[in-house]
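Below: the structure, in structure tokens.
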Amino acid sequence: MTEALFAGMDQLFTLSTMATMLLGVVAGVIASAIPGFTITMAIVLTLPLTFTMAPLQGIATMLAVYVGGYSGGLISAALLGIPGTPSSVATTFDAFPMARSGQPGRALALGIWSSFFGALVSAIVLIIAAPPLAMIAVKLGAWEYFSLIIFAMTVVASLVGKSMLKGVMTGLLGLFIATVGADPMMGVARFTFDIDLLANGFPFLVVLIGIFAVSQLLQEVEDAEQTQHGKQLIPANVAFKPLDALRETLAYPINLIRSSLVGVFIGAVPGAGGSIANLLAYDQAKRASKTPEEFGTGTPEGVIASESGNSATSGGGLIPMIALGIPGSAVDAVLMASLMVHGIGIGPRLILDHGDLVYGMFMAMLLAAFMVLVVCLFSMRFFLRVTNVPRSVIVPVVLVCCVVGAFALNNRVTDIYLLLGVGIFGYILSKLDYPLAPLVLGVILGPIAETNLRRALMTDENWTLFFTRPISLTLLILAVVSVAFAIRQRLRQRPSEKTA
Amino acid sequence: MSSQAPLQQTRSSDRGADPDTRRANALAHLVLNGALVVLFATLFVHAGALPSSMWEPLGSGSFPRLVLAVLIMINLGIMVQEWRHYRSNTAAAPGLVRRWLWRHRLAFGVLALFALYIISVPALGFRLASLFFLVLAQLALGVRRPRSLAIAAVIAVTFSFGLDWLFRDVFIISLPRGPFS
């Protein structure tokens, strides 16, 4: 372990890696400060830039964007009341009233420190939890892996969106899309119908970019029609006192740690993530507070809970990815993709075969958290001005970047045609309230699920082994429980929706 | 990923608006899921013709067939749900589709430009196609004042010629060249 740690640090602490990480942090902060420009989009657009980098440099740069993104969302949340990313929705509840009451600098500084501590806690938990979990995961067989993917898909489908049926539908649609192209075991062409466009299947990055960037940008344009023009993002005078905010943040240690742990836990659950973590952490802080009535009026407790909660999901999301090879969110899926582009297989053996890379990633998380803190504290006023970019510029520029990202992966023009098709389909689905996250996870997990199912049955044709092997059975029971829990939750919500 | 979910819901939820929209939404679900059922059923039959293997009990077609079968059931389930919504809401006032299309004209305009851009990339090359797209899309999205037009021109050149240079000379990835390069 020590050897791998030092080898990872050796690769990480080079001038070029640290420079690209710094750029990544700046890009992440700016990108997620722009309303409508999500962390996922920022990460997706960073990916093609990392193709020519060494594996650790590439993934460290993307982690920097990731960690920076969770902090950047707070800027527009605090100053405009518009969450820069969905993971900073709860930040608007108190940071915005605080800013409106003449303390925008306090709101921002509290958010920055809370984000830093959240990211720090999550990196520590990641370092402690991921290696032992991976050691257990190495012992999993094809049966357990298939059951694990079933569990992950049910959790994702039941957590995301309003209708579980629609979540399951898009998840399965993702699984099907992954079957187009060459069969992973026999290499037989499936559903290609001798069409060049389909010959290589749907590369999951093209699906990811099309679904999350193109369809989202089209929705941004709808909003642009209703957006007030000339609204200033930055108030004229921002009094920024970071040391006072540090003292104030540390005055709520239990809130800080509890919210961070909520973030780590939610981040580790596939399909959950920052958008749920910040709301849950906020809710827990409100329940535990001596003055819950002050929540929503500009209390520092609310800002601390939301920002530490959402930043902590960054490390939490890496736990299932590193230990099990299951991406917890779209962002983790792109991180996974960046490793796969470099020919590095993802799964429980990752930590055994590429220990230096994994420990390098752990250290990159820590380093990124420190970089975000320094960058935000010293450049906040500058960022506030840079991020005031109109949508008429952002939308076309990001669409061009999407085309570059889709093309650069395989140098195939057909991939950009697929991008257009997937983007339009994603837009239609999102207009009809179908959650898109399960679709992307389905595309990623599809080949893993199919390969393991077929391997399991090749080893032993007895399909009851899925139900008789203890870990496999436990995972399948958990899948059923997650579905039952989601149905119960929805049935409970129905009467209140009707009365509303 | 899920980080997108709440935002999508708030932006795309037309359902909560009025009975007119609810009925139209239900109809859209019925059409989409109906089309998907037909597509998936066709693919299910097609998958049956995929070769099996003598080395494994499941052939190339088994997993896709399993997924397609469940998908068809779920699509039918959604159709039943939406049929109830469709029946429980009154008929939409005339002109709803026209109003909806008009409200989304900017998104459709940008989509049309984006489609043209993608089609023209192999023909014109990345640089020229991107330049035209960036100029036209910024104009479509409301850039009008002389200063904004100047900024739009700089952005168009930077993200067409500049991006091409960055990928070609720095990352050694050649973007489509086209006949004019």
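The values are calculated or read from the model by the stated rules, or taken from the named source; none is laboratory data. If you're wondering where the values come from, they're calculated on a predicted model, not measured in any experiment. In this analysis, Cβ positions are derived from the backbone assuming ideal geometry, glycine residues included, and neighbour counts consider all displayed protein chains. Heads up: the accessible areas ignore ligands, DNA and RNA and are worked out on the full protein's heavy atoms, side chains in. Shrake-Rupley method; radii C 1.70, N 1.55, O 1.52, S 1.80 Å.
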**Request:** Treating the angle as unsigned and between 0 and 90°, give the value, to the nearest 10°, between the Cα long axis of helix A:300-324 and the longest Cα principal axis of chain A.
**Result:** 20
**Asked** What span do the alpha-carbon atoms of chain A cover on each of the three principal axes, reported in whole Å from largest to smallest?
**Response** 68, 60, 46
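What is the mean number of Cβ atoms from other protein chains located within 10 Å of the Cβ atom of each residue in peptide B:148-154, rounded to a whole number? Before the final figure, lay out each step's value.
Working: counts 3, 0, 0, 3, 3, 0, 0.
Counting Cβ atoms of other protein chains within 10 Å of each residue's Cβ and averaging gives 1.
Can you compute the FRET efficiency between B:R87 and B:W165 using 1/(1 + (r/R0)^6), with r the Cβ-Cβ distance and R0 = 60 Å? Round to the nearest 0.05. Please list the in-between numbers first.
Values: r = 59 Å, r/R0 = 0.98.
Between B:R87 and B:W165 the formula returns 0.50.
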**Prompt:** If each of A:V374 and B:F108 carries a label point 7 Å out from its Cα toward its Cβ, how far apart are those two points in nm?
**Reply:** 5.2
**Fill in**
Taking B:67-79, B:126-138, A:206-218, A:341-353 and ranking on average Cβ neighbours within 10 Å, highest first, one gets A:206-218, B:126-138, B:67-79, A:341-353
**Message:** Take A:R100 and B:R177, extend 7 Å from each Cα along the Cα→Cβ direction, and tell me the distance between the two endpoints in nm.
**Reply:** 5.8
**Prompt:** With every protein chain in place, what's the accessible area of A:K166 (1.4 Å probe, Å², nearest 10)?
**Reply:** 10
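Starting with the highest mean, order A:99-110, B:159-170 by the number of other Cβ atoms within 10 Å, averaged over the residues of each peptide.
Numbers: A:99-110: 22.2, B:159-170: 16.8.
Listed from highest to lowest mean packing, they are A:99-110, B:159-170.
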**Item:** Burial ranking of peptide ranges B:28-38, B:97-107 (average Cβ count within 10 Å, highest at the top)
**Value:** B:28-38, B:97-107
**5 Å binning of all Cα-Cα separations within the stretch A:353-481, expressed as whole percents from 0 upward** = 2, 7, 7, 10, 11, 13, 15, 16, 9, 5, 3, 2, 0
**Asked** Cα-based count: Lys pairs in chain A below 23 Å, eight or more positions apart or different chains?
**Response** 5
**Fill in**
Two pseudo-spin positions, 7 Å from Cα along C-beta at B:A115 and at A:D194, lie apart in nanometres by 2.7
**Asked** How much accessible area does A:W463 have with a 1.4 Å probe, in Å² rounded to the nearest 10?
**Response** 150
**Asked** Once both axes come from the Cα atoms, what is the angle between helix A:413-431 and the longest principal axis of chain A, in degrees from 0 to 90, rounded to 10?
**Response** 60
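Just subtract the alpha-carbon distance of A:V481 and A:L23 from 0.36 nm times their residue separation and send over the number in nm, one decimal. It would help to have the intermediate numbers written out before the result.
Values: separation 458, 0.36 × 458 = 164.88 nm, distance 4.33 nm.
Residue separation times 0.36 nm, minus the Cα-Cα distance, leaves 160.5 nm.
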**Message:** If R₀ is 25 angstrom, what is the calculated FRET efficiency for the pair A:E293 and A:D244, using the beta carbon separation as r and rounding to 0.05?
**Reply:** 0.55
**Message:** Give the average, rounded to an integer, of partner chain Cβ atoms located within 10 angstrom of each Cβ in B:127-139.
**Reply:** 3
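Report the A-B buried area as the accessible area lost on both sides summed, probe 1.4 Å, in Å² to the nearest 100. Provide the component values of the computation, followed by the final result.
Working: alone 21280 and 13080 Å², together 27140 Å².
Heavy-atom accessible area buried at this interface is about 7200 Å².
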**Message:** Could you tell me the relative contact order of chain A? Use alpha-carbon pairs under 8 Å, at least six residues apart, and round to a whole percent.
**Reply:** 29
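Using Cα pairs closer than 8 Å and at least 6 residues apart in sequence, work out the relative contact order for the stretch B:104-170, in percent. Don't skip to the end; give the middle numbers.
Details: 39 pairs, mean separation 23.4, N = 67.
Across the stretch B:104-170, relative contact order equals 35 percent.
Just tell me how shielded B:62-74 is by partners: mean number of partner chain Cβ atoms within 10 Å of each residue's Cβ, no decimals.
On the way: counts 4, 15, 10, 1, 5, 13, 4, 1, 5, 7, 1, 2, 8.
Mean inter-chain Cβ contacts per residue within 10 Å come to 6.
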**Asked** Over all directions, what mean area does the Cα convex hull of the stretch B:104-170 project, stated in square nanometres?
**Response** 4.7
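Taking a probe of 1.4 Å, how large is the accessible area per residue of the protein assembly as shown, in Å²?
On the way: 27140 Å² over 681 residues.
On a per-residue basis, 40 Å².
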